[in-house]
1. The range 177-223: which GluC sites (Glu not before Pro) are DSSP loop and have at most 14 other beta-carbon atoms within 10 angstrom?
2. If the cut-off is a Cα-Cα distance under 23 Å, which lysines reach Lys296, setting aside same-chain residues fewer than 8 apart in sequence?
3. Can you compute the charge dipole magnitude of the chain about its Cα centre, using +1 on each Lys and Arg Cβ and -1 on each Asp and Glu Cβ, nothing else charged? Give it in debye, rounded to the nearest 20.
4. Assign unit charges at the C-beta atoms only (+1 for Lys and Arg, -1 for Asp and Glu), then state the dipole size of the range 100-246 relative to its Cα centre in Debye, rounded to the nearest 20.
5. Hey, got a sec? Which trypsin sites (Lys or Arg not before Pro) in the range 32-137 land in a DSSP loop and have at most 16 other Cβ atoms within 10 Å?
6. By average Cβ neighbour count within 10 Å, what is the ranking of 2-14, 401-413 from highest down?
7. Per the 1.4 Å probe, what fraction of the accessible area of the chain, in percent, lies on carbon and sulfur atoms?
8. Can I get the semi-axes of the range 221-301's equivalent ellipsoid? Compute them from the C-alpha gyration tensor as square roots of 5 times the eigenvalues, in angstrom, largest first.
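The values are calculated or read from the model by the stated rules, or taken from the named source; none is laboratory data. Quick caveat: nothing in here was measured; it's all calculated off a predicted structure. Because the Cβ atoms are built from the backbone with ideal geometry, glycine has one as well, and the counts that use them run over all protein chains shown. Heavy atoms of the whole protein, side chains included, go into the accessibility calculation; ligands, DNA and RNA do not. Shrake-Rupley method; radii C 1.70, N 1.55, O 1.52, S 1.80 Å.
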Amino acid sequence: MKSKMNPAGSMTVTIDGVSHKFPLYEGAEGPKVADIRAFYQKTGAFTFDPGFTSTASCESQITFIDGDEGVLLYRGYPIDELAEDSNFLEVAYLLLHGELPSREQNVAFDAAITRHTMVHEQLKNFYNGFRRDAHPMAIMVGVVGALSAFYHDSTDINDPKQRKIASHRMIAKMPTIAAMAYKYSTGQPFVFPRNDKSYTENFMRMCFAVPAEEYEVNPVLCAALDKIFILHMDHEQNASTSTVRLAGSSGANPFACIAAGIASLWGPAHGGANEAALTMLEEIGSVDRIPEYVAKAKDRNDPFRLMGFGHRVYKNYDPRAKVMRNACYEVLDALNIRDEPLLQVALELERIALEDEYFVQKKLYPNIDFYSGITLRALGFPTDMFTVLFALARTVGWIAQWSEMIVDPSQKIGRPRQVYTGSNSRNYVPLSTR
Ligand code: CMC
């Protein structure tokens, strides 16, 4: 990757009366960055930024977020335009290659992904090792990690051809692996992928078809799920993507790196929030109980948070949440669900929270996960599959980011430092004298 950062002045830092100058750069959009790579060497001090709230960990040309304005762009294209007008594989191509595909490229990419959707028969045995009630994210971490033991011909990260094959394999196989995790939990037989189906149609079929009868995918539901996948595909340097990059920075193979990303995504503050948000809406249950939960969320002594609210970067309405709310309406409409009680709770909760001083002041708005649970449940997925669907879609972003990192000449092994506040040096005291 060729750097596109431009010089934008300098920053002077004075420590103990001595001034040090550091270059400032700017990208295509967003704030300037102070280049502090030589900070320790020049000043003898570290910078301290747990949670990376002021740190750009890398240069990237994939996704841009303006959290104050509520803007999300994939390779420059607004997320709502892509979600409404494009489709999963076209956006995947865009994220991986930087440009929308031509018609020929589209056909070739579609064929490449479709031809990799089957998994090695031996991989099935991994599923039998799990309990039937295992969380499907636990299965995903294990099975995706195991891919590196199956596809040895695509683990050499220094070979661009192997990197490409590994990328195609993971994007193609993720729906098969995810659907198998679901089928395993229900006790139904695995359903093989079909090459005449679109990416998302294939996934729905592998989840919901049974060998005993024909299964027709509802096109409205399929289009809504495709849209939901596009919304989840990438989100710049979030926790799981940073995990993938950090794992990859040591030279680990891509299958292992994506498994690390899945593990990071699982947490309730990240991808697990969609599951947590639906559980919360179910717990609230009715509109009259909302004030009680809003009060709990505002109580500093209560760890409860409104799930699906707030974001590290967005200090405005999450642009993905708007598309997700529309998708929710489309799905409920297509299924003739006229009075979904949880939607009433969600709409009223959003209305109250957006007017409440606590949420207004802290700039806490609904995020993508607020409406996704209701939508995914209506589509027929059980709660514990929600984060799996997120992982399936985010795999594209993880791979695009990992691929970008591998060819970035400024890339080094990620190795943060720390502020040590433990004991000073002291001598061992033998047990007999303690
Ligand atoms: N409900 C109530 N209060 C909240 C919430 C919430 N959902 N989110 C943040 N706050 C408060 C928080 O208590 C803190 O208050 P104070 O300044 O008085 O200590 C303030 O707002 C700032 O919160 P923070 O935890 O310092 O902010 P953060 O940027 O570290 O956390 C977050 C961001 C997403 C983890 C957090 O907002 C949260 O836990 N939200 C609920 C979980 C959720 O919906 N996560 C999905 C994120 S979107 C999908 C994804 O990217 O994976």
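1. Glu213, Glu214, Glu216
2. Correct list for Lys296: Lys315, Lys362, Lys363.
3. 1920
4. 260
5. Within the range 32-137, the qualifying trypsin sites (Lys or Arg not before Pro) (loop, at most 16 other Cβ atoms within 10 Å) are Lys32, Arg37, Arg115, Arg131, Arg132.
6. For the peptides 2-14, 401-413, the packing ranking is 401-413, 2-14.
7. 51
8. After diagonalising the Cα gyration tensor, the semi-axes are 33, 18, 9 Å.
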